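One structure is given here, and the rest of the page talks about it.
Please treat every number below as a calculation from the coordinates, not as lab data. Keep in mind that this is a model prediction, so the values were computed, not measured. FYI the Cβ positions are ideal-geometry reconstructions off the backbone, even for glycines, and counts take in every protein chain you see.
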Amino acid sequence: MQQKPVPIRVAHVITCLSTGGAEMMLFKLVTAMDRKAFESMVIVLDDQPGLADRIRSHGITVRFLNMRSHPSSLWRLLLLLRLLADFRPDVIQGWMYHGNLMAYMASRLWFRRVLLVWNIRQTLYDIEREPCLTRWTIRCSARVSAGVRVMLYNACLSVRQHQAIGFSCHDTRIIPNGFDTRIFRPDPSARERVRLELGIAADAVVIGMLARYHPMKNHALFLQAAARLLQSHPETHFILAGHNVAPTNPVLATLLHDCPQLVGRVHLLDERTDVAAVMNAMDIFTLTSAWGEGFPNVLGEAMACGVPCMSTDVGDAARLLDDTGLVLPDHDPDTLARSWACWIAEGPAWLQEQGRQARTRVLDHYTIEAVTEQYQELYKELVAHVRPDRFLLPDT
């Protein structure tokens, strides 16, 4: 009798399930994986639902450790051990610093024979910029990282920065983020709909950014450059969206108050679920982050929508954009305003062609299907190496 194929079981341990870049990549990965060959479980350290329902709607188990509500980490660690014992994973995949460290602790305490993979999702320009607990977690992680089977990163720069502070150099892999080009695609009707909602004319130039409010995202740079551009291009509109990017944000409200020319020209949309539609309303997408980015999801999503992109030189933004976009040489608002003005002067047809080239680059190198296959091949390779008698599904 032919042996029934047994899926490879992968337990993903992640800090939270908000709509950040790492969390969205996890969502895209587990929902795109081959269900016949792989079984996934997601274990979340905190207690916020975030993307949980969307993941569960695909038949994937999501469990919460509620470490925010129950600060006694010992009891939460015991719960993690029980969840893993019930699931019996072949691979434990940590995500982000806290998720990685908890995955390591579980592996060392009980699951030493289970393959441990860490997934580091950000660059580390200056560890002192991180919160105190995160700094401690990073330093502890560096000390124990030699016990991790594979160190997985999404950016080349992130590898260099983490190894410089002591992270293991053993079996380091790089898998970039992937993008769903069926969701993120040029959509003229969405462009028209969002512009109509915001009262923006069809022929107006719109420049935008989608990013949660955080000092590292550097919204101040964006708004300062917007104020300068409006002096020469007064009909331009600007869209900013993301968690807490709203008129009620006191810092943003102060920035707008200090630049009265921005009133009526800057649209603060807060967090939106129709991200692709909002991106389609733009003529130029700009990422102004000061630090912390690994492989910026929003750049890839905007490129997939056919929107030409500019970015500060953070993470692997230059690698992603290649010659389809512009990497800014500094964080100066005058430089950014001049760059916007140069692109606007090229005209709508030129911007559309740049956007077409950007989408082609994503289709050629960064689709979610291609990136998911890299993860699946990694898991197959690891399991086959330590358990050569393990029955794996044949390639189809």
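For residue 36, the aspartates and glutamates whose Cα falls under 12 Å of its own Cα, not counting residues fewer than eight places away in the same chain, are 395.
Computed over the stretch 188-365, the Cα gyration tensor eigenvalues convert (square root of 5λ each) into semi-axes of 22, 18, 16 Å, ordered from largest to smallest. Give the relative contact order (percent, whole number) for the chain; include only Cα pairs under 8 Å separated by 6+ residues. So the answer I get is 16 percent. With angles folded into 0 to 90 degrees, how steeply does helix 188-198 sit against the dominant principal axis of the chain? Use alpha carbons for both and round to 10. It is inclined by approximately 70 degrees. A viscosity of 0.890 mPa s and a temperature of 25 °C, combined with the Kirkwood radius over C-alpha pairs in the Stokes-Einstein formula, give the chain a diffusion coefficient of 111 µm²/s. Residue ranges 185-197, 150-162 sort as 150-162, 185-197 when ordered by packing (mean number of other C-beta atoms within 10 Å per residue, highest first). With each label modelled as a point 7 angstrom along the Cα→C-beta vector, the residue 78-residue 263 pair spans 6.0 nm. Fully extending the segment from residue 88 to residue 352 would add 90.0 nm, taking 0.36 nm per residue of separation and subtracting the current Cα-Cα distance.
A simple rule links phi to the HN-Hα coupling: the Karplus curve 6.51 cos²θ - 1.76 cosθ + 1.60 with θ = phi - 60°, which for the stretch 318-333 gives 5, 5, 5, 5, 6, 9, 8, x, 10, 9, 6, x, 7, 10, 9, x Hz, with x for Gly and Pro. The phi torsions of the stretch 353-361, fed into the Karplus equation with coefficients 6.51, -1.76 and 1.60 and a -60° offset, translate into couplings of 5, 4, x, 4, 5, 5, 4, 4, 4 Hz, rounded to whole numbers, with Gly and Pro shown as x.
A protection proxy built from the mean count of other Cβ atoms within 10 Å ranks the segments 123-136, 103-116, 289-302, 47-60, most packed first, as 289-302, 103-116, 47-60, 123-136. Which residues does a label at residue 313 reach in the stretch 331-355, if reach means a backbone N under 18 Å from a point 7 Å past the Cα toward the Cβ? It comes to 331-340, nothing else. Working note: Karplus 6.51/-1.76/1.60 with θ = phi - 60° gives the stretch 82-97 the couplings 5, 4, 5, 4, 5, 7, 6, x, 8, 9, 9, 10, x, 10, 6, 4 Hz, where Gly and Pro are set to x.
Hey, rough spin-label estimate for residue 126 and residue 185, points 7 angstrom out along Cα→Cβ, what's it come to in nanometres? The answer from the label model is 4.4 nm. Label-to-label distance, residue 146 versus residue 322, with points set 7 angstrom from Cα along the beta-carbon direction: 4.0 nm. Taking amide H positions as modeled 1.01 Å from N, with prolines and chain starts lacking one, the residues under 5 Å from residue 310 and 5 or more places away or on another chain are 285, 286, 287, 326. In this structure, the amide hydrogen of residue 13, modeled 1.01 Å from its nitrogen in the peptide plane, lies closer than 5 angstrom to those of 43, 93, 94, 95, counting only residues at least 5 positions away or on a different chain.
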